[in-house]
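Take a look at the structure set out below.
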Amino acid sequence: MQTSKRVLLRCAVAACALLAIGAGAGSYPAYLISLAMVNVIAAVGLNLLVGNSGQISLCHSSFMAVGAYSSSLLASTVGLPFWASIPAGALVAAIVGALLGLPARRLSGIYLALATLGFLQIVQIIIEEFSDITGGVRGLNTAKPALLGTPLTSYGIYCAVTVVCVAAVWLAINIKRSRIGREFDAVRLSPHAAQALGISVARVKLTAFSLSAGYAGLAGGLFAILVGFIDPNEFGIGSSLKQLTYIVVGGLGSIGGSVVGAALLSGLPELLRPIKEYTDFAAALILLAALLFMPHGLAAAWHRVTPKRGKTTGDVPA
Amino acid sequence: MSPCLELVDVCVGFGGVRAVDKLGFSVAAGQVRGLIGPNGAGKTTVINAITGVVPLLSGDILLDGERISGLPAHVISRKGVGRTFQHVEAFGELTVLENVLIGAGRASSAGLLSCALALPRARRAEKTMRSQALAALEAFGLLHVLDERTSGLPFGLLKRMDLARSMVASPKLLLMDEPTSGMSESEADSAIAAARLLATMHGTTLLVVEHNMRVMMSLAQHITVVQFGSLIAEGTPAQIQANPTVIDAYLGEEAVDAFH
Amino acid sequence: MQASFYLQLAIAGISVGSVYALIALSIVVPFKASGVLNFGQGELATLGAYAALVLSQYGLPYYVVAPVVIVSGAVIGLVMERVLIRPIIKAPAFTVVIATFAIGLAIKSAIALHWGDTPFSVEGPFGDEPIVAGGLRLNPTSLWIVFCAVAITALVGCFFKYARPGKAMRAVSINPEAATLMGIKVNGSYRWAWAISSSIGALAGLLVAPVVGINPEIGGLILRGLVAAVLGGFSSVYGAVIGGIAVGLLETFAAVGLGGTVKNLAPFLVLLLLLVFRPYGLFGSREIHRV
């Protein structure tokens, strides 16, 4: 079977499995899985930027905030239903990502890290200062999502999150297998060779920034309706750092790694909720341990253990 | 008919040093032109100037009569200028096939949306790029290392990959920076033969920088000699070998032995 | 009347800027020496402040507390370098940046765990009574901060210029391979760099404690310190200090002239603008690699 069809099939199967699990599990476990899936979306987007196209970003959570606030505000002011407001929020985030990406594509390494850090601070300050719109430090309540007038049940929200998550992962797999994905890697590995082969390094960097911001915005919008409330503290430097943990532990450049890393490490905040202060400490320690002992992440360890297969992008597409 | 490549009074410099000084020459379409000169003569700089990696202080570079100097490097590449690198600049983590596929990327017009949704358009483009890449790999005898990561492969093999990668998109002009360094004699001969064949098939003009005089003399139809960034001689291989200015420039260089 | 108001404002700005300058200094030194940008440097200031708290709770006088804080800062820096940074120094820039961030977060959350969020207040070494001189009311703590910053900068500058380890560090930062060939121990250089920078960081925390109180958020200073370092060109000791003072002045005058929002936003907007147009700062040179 054609590889792209095989990928689609596997994603469909995964979606069905997740939907079945959600139906059988209690509402709290389903909620936790939804949270994990939201983190997966954000992690997958971040890995495309950091792992594949090699750009440091410390402001991923800011794009989640943009997505969360804009989808929520679109729903409450214009009355957009959730299935329109969330993609719209993602689009807004992607546009903001492109705006940051424009100056950022001329920077790399430490200077890019600093610029994204500066952007994160600016977004935090804007959220706090324009509190009439954003609710400031007190946060913002989100409208309950509804389909054709009836509010969604918690399982309904779970289904929505599942569908979006699987679709987002499917899109990422396709992108990674295509020319676009290869160009991301090319720009990271050797910008000079990439240029000589006709690749516009600036454009690739901009695309990567915008794309990952869109993923973050999508995750942010879903997170907002899942929790029912937007707390600006959820979108600070700690959150960006956690997302970087997910992809470093999972494996930079690996979509599977992003999924596993995000899913595994998502459980932590909930497990430690009673003693919430420990989550930052634990996250920092895990990240350090991962960097010291597994610099290439779980994905690399997995490849070492499983039998070696061809590294090509798959069978010849029909 | 305008020449494929034309340099007019090109000057390139960094911080007061002139790497290339009022250099001018032209290469007719389909020709194989050699570019030689003692070490430090500025040959790689000339290549970097043509490909747009370094800016010109003054002068013009024309491709098929169209001015390309001053354009961004990737734009120049898309206009049909390919190059190989002295040190290969392979995409280390990627496989040999993936490296060459990236070279074939120009064939694809499928955008982000088509690729993300795996639309038929994107799949067809992928198929085309793949067959182009496989053909190029076959020409350079690399099919057996398709799926190997380039990091860790022998240098000579990587040089062949670089050739395949730069030729897969059938450029109008290919700039080769020491293509046979690191290759054994037989490896060099078959690589050059393959490059020549592909160039003839696609009408590619070649500009070759080579230190291996044996290869250069048999490959090039016409040779341009530079020293200290300036032109000192031009002619057929036979004329160059007999040119006293050229021999003078190489005095003390190992290469002078290759002449005789 | 007007003049003295602006003068006092300027002094306040210089004082604030001095703290930023010290943080900037503590960032630039290891960066110059080993190419590592230590994002955890802010938390070393937090550590310094809390160390001062602990020591003063034992009733130790300031002239004992200060050196102890400086020395323990150096020790922590050495430990950090050996245990956490040295193993990954060969990793790509990204990995090391994230590691330093993680170290900083670990320190901050450990502190928050033990002491909680409640701020502690501590008195400055010369009390809080303003000194009245020439029609100006000057806060002695502010003056002390400026004095220390100037003294430290001079010391560091002399160290790099005249002291053997300092000259060795400069050699390593220019060309590590050549330095090794000349018999300079590169690892030793890194150790000095981290010891110096963490002790400066800890000192900065000690100095700023009477002004902002002791709380886990002191580490936020690093952001202003980074802006200062970028302004100063990132590889220049004196640039870092001037950058710090500039940021302090900018912030102080902006707060008065334009209000709270702009005051908070200003440093980061400046940072972004700088990074886009002049990443080599006002004093550095065009070394940034841009594709």
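Report, as a whole number in µm² per second, the diffusion coefficient that Stokes-Einstein gives for the range B:96-181 at 25 °C and 0.890 mPa s using the Kirkwood radius over alpha carbon pairs.
Calculated translational D: 181 µm²/s.
Across peptide B:108-116, what mean number of C-beta atoms from other chains lies inside 10 Å of a residue's C-beta?
If you average over the peptide's residues, the count of other-chain Cβ atoms is 5.
Which residue fluctuates the most in chain A, going by a Gaussian network model with Cα springs under 10 Å, if the choices are A:87, A:103, A:145?
Checking each option, the largest mean-square fluctuation is seen for A:103.
Label points 7 Å out from Cα along the Cβ direction at residue A:76 and residue C:273: separation in nm?
3.3
To the nearest Å, what is the center-to-center distance of the range B:178-203 and the range C:1-64, using C-alpha atoms only?
One Cα centre to the other: 63 Å.
With charges only on Cβ, +1 for K and R and -1 for D and E, what is the dipole size of the protein assembly as shown about its Cα centre, in debye, rounded to 20?
For this selection, approximately 1120 debye.
Residue by residue through the range C:31-39, which ³J(HN,Hα) values in whole Hz follow from phi under the Karplus form 6.51 cos²θ - 1.76 cosθ + 1.60 (θ = phi - 60°), with glycine and proline marked x?
5, 5, 7, 10, x, 9, 8, 8, 6
How long are the semi-axes of the equivalent ellipsoid of the range A:3-236, taking √(5λ) for every eigenvalue λ of the Cα gyration tensor, in whole Å from largest down?
30, 24, 13
Simple spin-label model, 7 Å along Cα-to-Cβ: residue B:17 to residue A:229 in nm?
Between residue B:17 and residue A:229, the label points sit 6.5 nm apart.
On a 0 to 90 degree scale, rounded to 10, what angle separates helix C:93-115 from the longest Cα axis of chain C?
40
Rounded to whole Å and ordered largest first, report the semi-axes of the equivalent ellipsoid of chain B derived from its Cα gyration tensor (root of 5λ).
For chain B, the ellipsoid semi-axes come out as 32, 22, 16 Å.
Only sites in a loop by DSSP and with at most 15 other Cβ atoms within 10 Å count here; which trypsin sites (Lys or Arg not before Pro) in the range C:1-102 make the cut?
C:90
With r defined as the distance between the Cβ atoms of residue B:193 and residue B:39 and R0 fixed at 22 Å, what FRET efficiency is calculated, to the nearest 0.05?
The calculated FRET efficiency here is 0.20.
Set the Förster distance to 56 Å, then compute FRET efficiency between residue C:185 and residue C:123 from the Cβ-Cβ distance, nearest 0.05.
0.85
Test of understanding: ordering A:125, B:102 by Cβ neighbours within 10 Å, fewest first, what list do you get?
In order of increasing Cβ crowding within 10 Å: A:125, B:102.
Ignoring solvent entirely, what values of log10 I(q)/I(0) come out of the Debye formula for the range C:2-277 at 0.09, 0.10, 0.11, 0.15 Å⁻¹ when each Cα is a single scatterer?
Debye curve over Cα of the range C:2-277, log10 I(q)/I(0) at q = 0.09, 0.10, 0.11, 0.15 Å⁻¹: -0.41, -0.51, -0.61, -1.13.
For C:268, C:159, A:209, what's the fewest-to-most ordering of other Cβ within 10 Å of each Cβ?
C:159, C:268, A:209
Hey, what does the equivalent ellipsoid look like for the protein assembly as shown, semi-axes from the Cα gyration tensor as sqrt of 5 times each eigenvalue, largest first, whole Å?
Equivalent-ellipsoid dimensions as semi-axes: 51, 38, 23 Å.
Please identify the DSSP H helices in chain A that span no less than 18 Å along the helix axis (Cα) and have a mean Kyte-Doolittle hydropathy of -1.0 or more.
Helices meeting the criterion: A:3-24, A:27-47, A:60-73, A:82-104, A:109-129, A:154-177, A:201-227, A:237-250, A:255-271, A:278-293.
So for C:141, B:128, fewest C-beta neighbours within 10 Å to most, what's the order?
B:128, C:141
Using a Förster distance of 22 angstrom, determine the FRET efficiency expected from the C-beta separation of residue A:144 and residue A:21, and round it to 0.05.
According to the calculation, E is roughly 0.40.
Using the alpha-carbon atoms, what tilt in degrees (0 to 90, nearest 10) does helix C:140-162 show relative to the longest principal axis of chain C?
Its long axis makes an angle of about 20 degrees.
In the range C:2-277, with Lys and Arg counted as +1 and Asp and Glu as -1 at Cβ, which of these residues, C:211, C:189, C:273, has the Cα nearest the positive end of the dipole, that is, farthest along it?
About the Cα centre, the residue reaching furthest to the positive side is C:189.
DSSP H helices in chain B with Cα extent of 27 Å or more along the helix axis and mean Kyte-Doolittle hydropathy at least -1.0?
Answer set is B:120-139.
Since every read-out is calculated from the coordinates, none of them should be taken as a lab result. Given the structure is predicted, the values throughout are model-derived calculations rather than measurements. Neighbour counts run over all protein chains shown; Cβ positions are idealised from the backbone, glycine included.
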